[in-house]
Structure formats: C-alpha cells, structure tokens
Amino acid sequence: MRGNDAYILEKVVIDTQLGKLVSKTRNITHTRLMKVEERQTLAVDPANRGRTLCKNETSIVSNIGYGLNSKIETFSLSRFSENISKSRKGMLYVLDLAQRNGLFRQRLYMEQSMQQ
C-alpha cells in the first residue's frame, strides 16, 4: 500500500420484501486525517412503484487538530458534493447490469434527492 492509496469498506443489504437496498461505506485508511461514512438508500417509491428513490447521507469528521478540522471537513464536503453524480451513475450502472441479468423484474429509475 502506497501512502496516497485509500481503501474503503462497503456493506450492502438488500431487502427484497421491502424493495430496498442500503449501502454503507466508510474509509479504513487515513482515518487520523478524517473519517468518512456514506449511506445510500435505494427504495421503491410508494407513490409510484415503477420508480426508485435514492437518498444519500454523508458524515465527514476530522480530528487532526491544529485548527484544521473545519477546513478539512469543508474541503472534503465540497469534493464529495462534486463527485456525488459520478457515484449515482455508478450505482445506476450496477443496477442496470443486475436487471439485465434477471435480478430485477422491472426497470429501475433513480430520483435524485440529496440531504446534507
């Protein structure tokens, strides 16, 4: 592992009864600099069962000290916000592959709703 490599741990839980997928991701390297935890929930829209709702929640905390915590957290949140659309596109790609391979019966559509 090189010094600038970053590794994450991801846990995905799929509840087929509720039509819900929850993905939790956290960094396992560079945790002295900052801890990042992301939770993405995909669920069938109760108002329109042909659509899928997406909710992203993120926590970024730095404990490095020296008066840098806030600056690191603000910079990281900005970068995260810039990259969230790439993350959603990646998830859509995975879900599309899953659907094409018969894991889903209906087409999934992702509605974007982001809370910070």
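Numbers below:
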| quantity | calculated |
| --- | --- |
| Test: residue in region 23-46 that is at pLDDT below 85, open to solvent by 80 Å² or more (accessible area, probe 1.4 Å), part of a loop (DSSP other than H, G, I, E, B) and out of contact with any Pro (no Cβ under 9 Å at 6 or more places or on another chain) | no |
| Enumeration of residues in region 47-69 that are over 16 Å from Leu18 (Cβ atoms) and open to solvent by 80 Å² or more (accessible area, probe 1.4 Å) | Asn63, Tyr66 |
| Only listed residue being in a helix (DSSP H, G or I), modelled with pLDDT under 75 and not basic (Lys, Arg), chosen from Gln112, Gln99 | Gln99 |
| Within region 1-44, tally of residues that are among the small types (Gly, Ala, Ser) and under 29 Å from Gly67 (Cα atoms) | 2 |
| Conditions (1) aliphatic (A, V, I, L, M); (2) under 21 Å from Asp5 (Cβ atoms); (3) open to solvent by 60 Å² or more (accessible area, probe 1.4 Å): number failed by Leu18 | (2) |
| Single unsatisfied condition, Val12 versus (1) out of contact with any strand residue (DSSP E or B) (no Cβ under 6 Å at 6 or more places or on another chain); (2) within 19 Å of Asp96 (Cβ to Cβ) | (1) |
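Conditions tested, residue by residue: (1) free of Cβ contacts under 8 Å to residues at least 40 places away in the same chain; (2) acidic (Asp, Glu); (3) in a loop (DSSP other than H, G, I, E, B).
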residue: Arg2; (1), (2), (3): yes, no, yes
residue: Leu9; (1), (2), (3): yes, no, no
residue: Ile14; (1), (2), (3): yes, no, no
residue: Arg51; (1), (2), (3): no, no, no
residue: Asn56; (1), (2), (3): no, no, no
residue: Gly90; (1), (2), (3): yes, no, no
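The values are calculated or read from the model by the stated rules, or taken from the named source; none is laboratory data. Keep in mind it's a predicted model, so treat the numbers as computed, not measured. Please note: Cβ atoms are built from the backbone with ideal geometry, for glycine as well, and neighbour counts cover all protein chains shown. SASA here: full protein model, heavy atoms, side chains in, ligands and nucleic acids out. Shrake-Rupley method; radii C 1.70, N 1.55, O 1.52, S 1.80 Å.
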